[in-house]
1. Determine the order of TYR157, TYR100 by accessible area, beginning with the largest, at a probe radius of 1.4 Å.
2. What's the local net charge at CYS75, with K and R +1, D and E -1, over the other residues with C-beta under 9 Å away?
3. Hey, if we sort TRP148, TRP93 by accessible area with the 1.4 Å probe, largest down, what's the order?
4. Which lysines, on any chain, are close to LYS138 with Cα under 17 Å apart, when same-chain ones fewer than 8 places away are left out?
5. Can you pull out the trypsin sites (Lys or Arg not before Pro) in the range 1-101 whose DSSP state is coil and whose Cβ has at most 10 other Cβ atoms within 10 Å?
6. Among bridges DSSP assigns within the range 23-135, what percent are antiparallel (round to 5)?
7. For the range 47-59, what does the Karplus curve 6.51 cos²θ - 1.76 cosθ + 1.60, with θ = phi - 60°, yield as ³J(HN,Hα) per residue in whole Hz, taken in order and with x for Gly and Pro?
8. Of (1) 43, 38, 26; (2) 64, 34, 27; (3) 52, 40, 28, which one was derived for Cα extents along the principal axes in Å from the structure shown?
Amino acid sequence: MQERNKFMQEAINLAKENLKLKNGGPFGAVVVKNGRIIGKGANTVTSHNDPTAHAEINAIREACSNLGSFQLTGCEIYSSCEPCPMCLGAIYWARPKKLYFAATRQDAADAGFDDSEIYREIELPHHSRKIPSEQLMKDEAEAVFKIWTDLEHKIEY
């Protein structure tokens, strides 16, 4: 229990320090494997002009680079806040064994970081979303998937 709190405190410290540095929002995350931090991240959305530069994404990128792998098998992620839909998707793609978070998405919303619109938008039909989506060239794209399916010696993920 104490070890988990130590890692969560590190994620919270990264969030707090990030505000002092003025690099982005109040979010921090660490990736841990075998009791050792292998990736750290803070939110750098505004300093890097990158809407995907959330703490969890940055921590995942660093951890994967350090592991030389695109998966976080056997790892745990500690996030200072419940991940947004984008980060949650990235976490599932990275396949860690566990996610811990401190503040909730409601706490984030109360501080001005409201993801509820994104959660609602995901459920809507493509044409009804705030940013409408339209499908084009389905057959051509499916042909590429067929090539992938038939490809020998591919690295599946």
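1. TYR157, TYR100
2. +3
3. Descending accessible area places them as TRP93, TRP148.
4. Once the sequence-local lysines are set aside, what remains near LYS138 is LYS146.
5. Those satisfying the criteria are LYS22.
6. On the way: 11 of 16 bridges.
If I count the DSSP bridges inside the range 23-135, around 70 percent turn out antiparallel.
7. Karplus values, whole Hz, x for Gly and Pro: 6, 9, 6, 9, x, 9, 7, 7, 4, 5, 4, 4, 5.
8. Working out Cα extents along the principal axes in Å from the coordinates points to (3).
The values are calculated or read from the model by the stated rules, or taken from the named source; none is laboratory data. Quick caveat: nothing in here was measured; it's all calculated off a predicted structure. Methodologically, a virtual Cβ is constructed for each residue, glycine included, from the backbone with ideal geometry; neighbour enumeration extends over all protein chains shown. Accessible surface is based on the protein model in full, side chains and every heavy atom, while ligands, DNA and RNA are left aside. Shrake-Rupley method; radii C 1.70, N 1.55, O 1.52, S 1.80 Å.
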